[in-house]
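Asks: The structure under discussion is supplied below as structure tokens; questions concerning it will follow.
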Amino acid sequence: MIVLASDHAGFPLKEEIKVFLDGKGVEYIDCGTDSTASVDYAKFAQTACLKVTGGEADKAILCCGTGIGISMAANKVKGIRAAVCTNEFMAEMTRRHNNANIIALGGRIIDEPTAVKLADIFLNTEFEGDRHTKRVDMITAIENGTFEL
């Protein structure tokens, strides 16, 4: 299960990603927003993130104007590793090396076909593990306040 959320600026990307997921038969939860009327991204980020950390979804796709604000809000939720991606390499590597569970996309930065491509890559790329597991574990330790220099 995938969870989707956006603010007003990311709404068109989210809607295009929904069309793509529907075409692939991928189930998703849409946490809003439902229009281009101005809203605050943090509310939608938290709603989506809690579905991931609560086990209702494996990954999330979040969209705002740049992807930055919504990713910053998402990364405040314990257990979330959200990455802003603007190209195919970033979308692939954030899964392969960082085991990101959220991709953040910017509606004012990338077009809808690019957003769909990045979402597809993100959803279909596996974490490599190996040496990267240690690094992801370090991120978790920082989050838990147990990281030692």
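Asks: What are the semi-axes of the equivalent ellipsoid of segment 9-69, taken as the square roots of 5 times the eigenvalues of the Cα gyration tensor, listed largest first and rounded to whole Å?
Replies: Sorted largest first and rounded, they come to 18, 16, 9 Å.
Asks: Now, a different point. Going by amide H atoms built from the backbone, whose H comes under 5 Å of the H on residue 32, apart from near neighbours?
Replies: Result for residue 32 returns 6.
Asks: Please check the chain for the longest run free of GluC sites (Glu not before Pro) that are loop-located per DSSP (anything but H, G, I, E, B) and have at most 12 other Cβ atoms within 10 Å. Walk me through the numbers before you get to the answer.
Replies: On the way: sites that count: 27, 56, 126, 148.
For GluC sites (Glu not before Pro) (loop position, at most 12 other Cβ atoms within 10 Å), the longest site-free span of the chain is 57-125.
Asks: Hey, which of these cross-link pairs are over 21 Å Cα-Cα: 18/76; 18/51; 18/78? Please report the intermediate quantities before stating the final value.
Replies: Working: 18/76 25 Å; 18/51 17 Å; 18/78 26 Å.
Distance filter (> 21 Å) returns 18/76; 18/78.
Asks: Per-residue ellipticity at 222 nm for the chain, helices alone: DSSP H runs ≥ 4 residues times -39500 (n - 2.57), over residue total, nearest 500 deg cm²/dmol?
Replies: Numbers: 6 runs with 70 residues, N = 149.
After summing the helix terms and dividing by the residues of the chain, the value is -14500 deg cm²/dmol.
Asks: When the Karplus curve 6.51 cos²θ - 1.76 cosθ + 1.60 is applied with θ = phi - 60°, which whole-Hz ³J(HN,Hα) does each residue of segment 77-86 get, with x for Gly and Pro?
Replies: With the stated coefficients, segment 77-86 comes to 8, 4, x, 9, 10, 9, 10, 6, 10, 10 Hz.
Asks: Taking H as built 1.01 Å from N, whose amide H comes closer than 5 Å to the amide H of residue 105, not counting residues under 5 places away?
Replies: Residues meeting the amide H criterion: 62, 63, 64.
Asks: In square angstrom, what is the accessible area per residue of the chain with a 1.4 angstrom probe?
Replies: Working: 7630 Å² over 149 residues.
Result: 51 Å² per residue.
Asks: Still on this structure, please answer the following. On a 0 to 90° scale, report how tilted helix 131-144 is relative to the longest principal axis of the chain, with both axes built from alpha carbons and the result rounded to the nearest 10.
Replies: 80 degrees
Asks: Something else now. To the nearest 10 degrees, how steep is helix 112-124 against the longest Cα principal axis of the chain, on a 0 to 90 scale?
Replies: For helix 112-124, the angle is close to 40 degrees.
Asks: Got a number for carbon plus sulfur as a percent of segment 105-149's accessible area, 1.4 Å probe?
Replies: 50 percent
Asks: Residue-wise, which Karplus ³J(HN,Hα) couplings in Hz belong to segment 100-108, taking 6.51 cos²θ - 1.76 cosθ + 1.60, θ = phi - 60°, and x for glycine or proline?
Replies: 4, 9, 9, 10, 10, 10, x, x, 9
Asks: Between 0 and 90 degrees, rounded to the nearest ten: what's the tilt of helix 11-24 against the longest Cα principal axis of the chain?
Replies: Compared with the principal axis, the helix lies near 80 degrees.
Asks: Compute the distribution of all C-alpha to C-alpha distances in the chain, in bins of 5 Å from 0, and list the percent of pairs in each, rounded to whole numbers.
Replies: P(r) over the chain, rounded to whole percents: 2, 11, 21, 24, 22, 11, 6, 2, 1, 0.
Asks: How high is the relative contact order of the chain, given as a whole-number percent (alpha carbon pairs under 8 Å, six or more residues apart)?
Replies: 25 percent
Asks: Ordering 90, 72 from largest to smallest accessible area (1.4 angstrom probe), what's the sequence? Please list the in-between numbers first.
Replies: On the way: 90 70, 72 120 Å².
The residues order as 72, 90, largest area first.
The values are calculated or read from the model by the stated rules, or taken from the named source; none is laboratory data. Computed from a predicted structure; not experimentally measured. Every residue, glycine as well, gets a Cβ built from its backbone with ideal geometry; the counts of neighbours run over all protein chains shown. Ligands, DNA and RNA are stripped out before the accessible areas are found, and what is left, the full protein with its side chains, is counted by its heavy atoms. Shrake-Rupley method; radii C 1.70, N 1.55, O 1.52, S 1.80 Å.
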